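Below is one structure, written out as structure tokens, with a few remarks after it.
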Amino acid sequence: MAQERGWPRTAKVVAVLVCAVTVGPVVFVSPVLAVLLAAVYWACVYAYLARRYGPRRTAVERRKEEDARERYMRWFLRWFLPPIAVLVLLLGLADIGPEWQAAHRIGRPGTVTLTRHECGKQSCNWFGDFASDWGQDIRKDVYVRWDPPGARVGLAVRALDTGERAGVYGFAGEGGWHYWWISAWSIAGSMGYLLLWLLWASGAGGRLASVAGGRITAMLEARAARDSGRVDPTDLIRSAIAGAEEARQSHGSLMVPAKPTAGSTGRSVFR
């Protein structure tokens, strides 16, 4: 049997190349505009190919896309996300201790002198040079984990060094609880995902889902049988066994008609 064909690969490759040539340069001007243009472009391409090659080949192409999407998602969840979850877990475990100390004002007191101010797309951050009160702890270009009031280049403010790998906190614990909660949620989320991944990889998750699905299916079938008024086959088997046992106790032999019980048809179990 010949395999059903979807859209020609050449048409799809040409569509991708045209998108790269026309929409690609717009990314350097405005990423948002590039996304909008790409969405409109692919909608038009999809409509044209669906009309050009008909509904049958379009349905085949949709099935192929669904299979590919499922395959890529399985690969993404099984092989791509677990290393990222491990990295997030390790970073969270490394930071949550110093952040807890900062929230409780535990650390080496000192002074941080603000040296530069950098702004990204989401937020702005201060950096500075930290020196402890006894001069034993000197750190250059550390991340200031809070926004000092009246911050400007050259301002010296009191700070705490808790041993955090990249920055210092406010002397009164500023920034401690904020970053502690971020690390706590990161640890909880990554551990939860890794636990689910281990269950899935070991097959235990599939077995649990199979058992739960079987029980749910049995409950739904029993409820449907009760609502429709028909007798569950399991009840017939149980009543037949009960009738045979009663007949054996009464006559000493199984080769006798079974006494009708509730839910049975009233006929002999054995002939």
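Read-outs: derived from the displayed coordinates by stated rules, not from any lab. Because the structure is a prediction, the values reported are computed rather than measured. Virtual Cβ from ideal backbone geometry, glycine too; neighbours counted across all protein chains shown.
Equivalent-ellipsoid semi-axes for segment 9-81 (Cα gyration tensor, √(5λ), whole Å, largest first): 24, 21, 10. Suppose the chain between Leu17 and Ala47 were pulled fully straight at 0.36 nm per residue; how much longer would it get relative to their current alpha carbon spacing? Additional length available on full extension: 9.0 nm.
Compare the Cα positions of Ala39, Ala59, Met73 along the charge dipole of segment 32-82 (+1 at Cβ of Lys, Arg; -1 at Cβ of Asp, Glu; about the Cα centre) and return the one farthest towards the positive end. So the residue furthest toward the plus end is Ala59. With a point put 7 Å past each Cα toward its Cβ, work out how far Trp197 is from Val32 in nm, to one decimal. Using points 7 Å along Cα→Cβ, the separation is 3.4 nm.
Length gained on full extension, Leu93 to Ile138, computed as 0.36 nm times the residue gap minus the Cα-Cα distance: 13.7 nm. Quick one: grab the alpha carbon gyration tensor of segment 78-141, order the square roots of its eigenvalues as a ≥ b ≥ c, and give me rounded if a/c is under 1.5, else prolate or oblate depending on whether a/b is larger than b/c. Oblate is the answer for segment 78-141, as a/c is 1.5 or above yet b/c matches or exceeds a/b.
The phi torsions of segment 183-190, fed into the Karplus equation with coefficients 6.51, -1.76 and 1.60 and a -60° offset, translate into couplings of 5, 4, 5, 5, 5, 5, x, 5 Hz, rounded to whole numbers, with Gly and Pro shown as x. The distance between label points at Lys64 and Arg5 comes to 1.0 nm (points 7 Å beyond Cα on the Cα→Cβ vector). Here the label points at Val153 and Arg78, each 7 Å from Cα along the C-beta direction, are separated by 5.4 nm in the simple model. Computed from point charges on the beta carbon alone (+1 for Lys and Arg, -1 for Asp and Glu), the dipole magnitude for segment 9-81 about its Cα centre is near 380 Debye. Is the shape of segment 1-123 best called rounded, prolate or oblate, per the rule: a/c under 1.5 gives rounded, else a/b larger than b/c gives prolate, else oblate, with a ≥ b ≥ c the square roots of the Cα gyration tensor eigenvalues? It is oblate, given that a/c is not under 1.5 and a/b is not larger than b/c. When the Cα positions of Cys119, Phe171, Ala159 are compared along the charge dipole of segment 105-172, Cys119 comes out farthest toward the positive end, with charges on each C-beta of Lys, Arg, Asp and Glu. Mind running the shape call on segment 145-202? Use the C-alpha gyration tensor, a ≥ b ≥ c as the square roots of the eigenvalues: rounded below 1.5 for a/c, prolate if a/b tops b/c, oblate otherwise. It is prolate, given that a/c is not under 1.5 and a/b is the larger ratio.
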